[in-house]
Amino acid sequence: MNFNFGEVLARALQITWKYKSWWLAGIVISLISFLSTPISLAINPSFSSLADPSEANRQLPAVFLANGLITLLSILSIPLYAIGMTVPSLGTLQVEKGGEKLKFGELIRGSLPYFWRVLGIFLLIGAGFFLVVMIFTACIAFLGVLTFGIAALCIIPIILLFIPLGILVYAIVEQGMAAVIVDDLRTFSALQRAWELIRKNLGVMALMSIIIYFGSMIASMIISIPMMIPMFGFMFNMSSPPDPASFDRLFRNMMWWMLAFSPFYAVFQGILLTFMQSAWTLTYLRLTRSPQLQPLPSEAAT
């Protein structure tokens, strides 16, 4: 199939910039992820206090509490992430159908009928991929013990296979979610549709995954550079072996700096999430729909 990558990416960028209210989905998700920072600052003990074994034992409840709250926050953010990804996807579909005034609140309400199916795709694919990784890791550890580490070294090239596997999983999740939203399919039917679409358009999906995934990763790394300023300062000023107190100051400076930078990073994540979901929804539409569902020239010019 003759797939126009430039048209899809340009259209996704155009939609992302025009409907700025959709950024709010990614902004909220990003800000919630930053909640782990004040939890660490408020509850986690300092590194210097952990240097004393007796003090470390006394601080264990605080460590478990902080890590437990952060883990609970991560689990609770999964449903929110499902809704946040659905909003720009649903909005893109409505735009392609000719919709113009698409309010964020209306998209939130419109995403609710898809919530459990989209969440099911996340949980099924995520749990399956996690299980595969755990089994593979356990096998490597077992063989490494039997062969005194030689098997672990020989298995390294096989680990590289997880890169294309991760790209495939990424595409299945995105296209499965698009199938739920665009064609109103059930979870397993949507995953089957996604697999068939990827199998028939493997080159398109692989290249689109690489462009979106690695492009977003590079952009995130660049925008995250200012957050590393305290680390750079610590490295440049380190004239002697670091002690627990130095690490404690670095950790807390990093946490406070991240909190100060979080609003800017959250806006970036909102833009990025909107663009990514719009691009994947457009990819699904271009591969499954007839030309009459392409954006009209008058609409594309707005």
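Things to note:
- Scanning region 58-99 for residues that are small (Gly, Ala, Ser), assigned to a helix (DSSP H, G or I) and modelled with pLDDT under 85 gives Ala62, Ala66, Gly68, Ser74, Ser77.
- Top-ranked residue in region 268-286 [being crowded, with 24+ Cβ neighbours inside 10 Å and among the aliphatic types (A, V, I, L, M); ranked as farthest from Ser224 (Cα to Cα)]: Leu282
- Flag if Leu102 is among the hydrophobic types (A, V, I, L, M, F, W, C), part of a loop (DSSP other than H, G, I, E, B) and either open to solvent by less than 70 Å² (accessible area, probe 1.4 Å) or modelled with pLDDT of 90 or more (or both): yes
- Contact annotation: residue pairs with Cβ atoms under 7 Å, 6 or more positions apart or on different chains, pairing a residue in region 103-121 that is within 13 Å of Met85 (Cα to Cα) with a partner that is surrounded by fewer than 16 Cβ atoms within 10 Å (Cβ to Cβ) and among the basic types (Lys, Arg), are Arg117/Arg186.
- Flag for Leu259 being modelled with pLDDT under 90, among the hydrophobic types (A, V, I, L, M, F, W, C), under 30 Å from Leu80 (Cβ atoms) and open to solvent by 40 Å² or more (accessible area, probe 1.4 Å): yes
The values are calculated or read from the model by the stated rules, or taken from the named source; none is laboratory data. Given the structure is predicted, the values throughout are model-derived calculations rather than measurements. Cβ coordinates were reconstructed from backbone atoms using ideal geometry, including for glycine residues, and neighbour counts include every protein chain displayed. In case anyone asks, the SASA skips ligands and DNA or RNA and just uses the protein heavy atoms, side chains included. Shrake-Rupley method; radii C 1.70, N 1.55, O 1.52, S 1.80 Å.
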